[in-house]
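The structure under discussion appears below in the form of structure tokens.
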Amino acid sequence: MKEFNKALSNFINDAAAGGAVRHLADLGYSISQIADELDYPISKEKIAGYMWEHFLNIGKISLEEPKASHEKASFIKEQDSFGRISFRRVTENIDNSYKKYVQCNFGKLLYKRDEAFIKQLEKLNPGDREYIELMPWPLTPVYHELDERMTRIKNII
């Protein structure tokens, strides 16, 4: 029963706020700014989780070293003249050669409570600091697209 309630809660939260979180994250909003924009009460940790999943899905964050290009697979639903439904796999080549990535070890540094790292975090603006502290960074290095936010962070850390 606990699993069902948790799944239902996740579904309701995603339906109520997931799309808005993804949209606002794409616009560069901080976690707190997103929380302020939502009419639906949701924790900052959940917002960070939605952002993390979204950024992994769109390639802004990668758990492996990004390649210059990669294949993205999707499925197209087709119906024949007899009404039978089938799915066809379609691949698309994605060009990442224009994107720059930086390697981040934030998960390990946060886990170790590295004092020098914590002092550097204090120098960040509140939105960038919150981004580092609330996102679910793994203990292994990840690659983050060198966007405006990450450029600000890397200039201080």
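All of the numbers you see were taken from the coordinates with simple rules; none came from a lab. From a predicted model like this one, the values you see are computed outputs, not experimental measurements.
Taking Glu45, Glu65, Glu115 as the candidate residues, the one with maximal mean-square fluctuation in a Gaussian network model of the chain, Cα springs under 10 Å, is Glu115.
Of Leu124, Leu27, Leu56, the residue with the greatest mean-square motion in the GNM of the chain, using alpha carbon springs below 10 Å, is Leu27.
Under a cut-off of 20 Å between alpha-carbon atoms, report the lysines in cross-link reach of Lys67, not counting same-chain residues fewer than 8 places apart. Answer for Lys67, where 20 Å is the Cα cut-off: Lys99, Lys100, listed by chain and number.
Under a Gaussian network description of the chain, with springs only between Cα atoms under 10 Å, the residue in Ile47, Ile118, Ile34 that fluctuates furthest is Ile118.
Size descriptor for the chain, Kirkwood hydrodynamic radius: 17.9 Å (Cα pairs only, one decimal). Available extension along the chain between Leu38 and Arg89 is 14.7 nm, counting 0.36 nm per residue and deducting the alpha carbon span.
In straight-distance terms, cross-link reach from Lys119 covers every one of the aspartates and glutamates whose alpha-carbon lies under 17 Å from its own, apart from those fewer than eight places away in the same chain; here that gives Asp128, Glu130, Glu133.
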